[in-house]
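Working notes, structure below.
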Amino acid sequence: TSRSRPAHSAENDTALATPQIEVLRGPCEPAVMRGLSVGAAACTALIVSSVSLLLVDVPLGLGVLIGVPLLVLGIQAMSPLLTRRTSSQQAAVAETTALATDLVSGLRTLRGIGAQHNAAARYRHSSQDTLRATLRAASTNGLQDGVTTALSGLLLAAVAGVAGWFALHGRITIGELITVVGLAQFIAEPVGTLGYASQIFARARASAGRLAAVLSSPPQTVTGTSTAIDTTKPLLTLEGVSHGTLSSISLVLRPGESVGVLCYDPRDADALLNVVAGRAPEHTGTVLVGGTVLEELDVDLLRRTVLLERHETDLFEGTLRTNLLAESGLERVMTAAGAADLIEELDRPLADRGQALSGGQRQRLGLARALLAEPPLLVLHDPSTAVDAVTEESLAEGLAEERRGRTTLVLTSSPALLGKMGRVVVIDEGHVVAEGIHSELASSDVVYQEAVLR
């Protein structure tokens, strides 16, 4: 597992899948063990009861031994319907959760363009669909509970009735009749428990099926077969690459070089990142990694060679330390990433996605994780957008020192970061329009000045 987001990671897929996995994780993790435990307890109780009835009267015991499996089969007949409705409910919940996450993260933008009312209406409609799906699943649960209670009641009545008839004809004593009636009443509880276990397994099957569908989704990129690169050649070479808004871009990153890229249009930056990450199969031109065509590289080798860290960092439930996935060098990279203030909080518990952290803290932790991975080529996208100017300056100095002698590509408009790069490439309207040192460009190019000096 990579310490940070790999070059070929599907960020968009992750954003969609994460709410679904969160919805599924709750039912899946404890459900099987809970279902097995209560099911085993119920079966044990039924076996003991049946043996006791066999000791009292063989036909009564055999009746229970035959009747209970038939009753369970009757209960199980409703499981496929419950599984389908539970799966539909989980899909609706996942969709609504993803929509709510998007709305919360983009609320400021929605307000800026006056679209918050349309977004709220969309969420309201999705929430109502989820409510209807939940009610359908709940009604099926209730129906199964009713069927279980009715069937167990019929079994109890049948056992008690036969036992009473046997007592009237002297086949069993009054004491044995009382024993049989007591056991029949006792049997109702484990039968109901088996119905509950059936519901647990039905929900677990629905969750497992959806989780399997997520995990078995086809990869966005077909892996190549080349398992080696030439480290003496440039780690990244773009030759006449066109994709999205990019048009015939050429760029070479020599070993150990740090290059900043300033894109006046954010769409150019997104297109360039997709090309470097191998997520632009329809691009034209040639992309080489260590002298090998990117599409021919084995995906594992590509992930070890190129690490792409976007400014939106994924954090997971646990602690800061478990998210960094390392023990040595933590203090050094945390300081380099401008996150020295978090060193004393490495064992601080984190909620899912690090929601208790500020945007700047999440961003700096993501950068620290990327630095810990020490990839041959590190690609960063706006690593300082959520930090203040003082922290940004410290981060720029730490990044330059930590990555000294290793190839680094930074897409940013930060003057602090661009000033630490050995070379700056400027892209406008899909073309490379300028190249040089930050200080030279800032003093000679008016458009560049307006874009970076603030």
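What follows is calculated from the coordinates using simple rules that are stated; it is not laboratory data. Nothing here was measured: the structure is a model prediction, and the numbers come from that model. FYI the Cβ positions are ideal-geometry reconstructions off the backbone, even for glycines, and counts take in every protein chain you see.
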Helical mean residue ellipticity (222 nm; -39500 (n - 2.57) per DSSP H run of 4+; nearest 500) of the chain: -20500 deg cm²/dmol
Which label in (1) 31, 29, 24; (2) 38, 27, 21; (3) 64, 22, 21 gives the computed semi-axes √(5λ) of the Cα gyration tensor in Å: (3)
Span-rule helices in the chain, defined as complete DSSP H runs reaching 24 Å or more along the axis (Cα) with Kyte mean at least 0.0: 11-56, 58-76, 79-105, 116-168, 174-215
Charge dipole (debye, nearest 20) of the chain; +1 at Cβ of Lys and Arg, -1 at Cβ of Asp and Glu: 1660 debye
DSSP-defined antiparallel bridges as percent of all bridges, the chain, nearest 5: 50 percent
Gain on full stretching of the segment that runs from residue 47 to residue 145 - 0.36 nm per residue minus C-alpha separation: 33.1 nm
Using a Förster distance of 45 Å, the FRET efficiency for residue 284-residue 104 (Cβ separation, nearest 0.05): 0.70
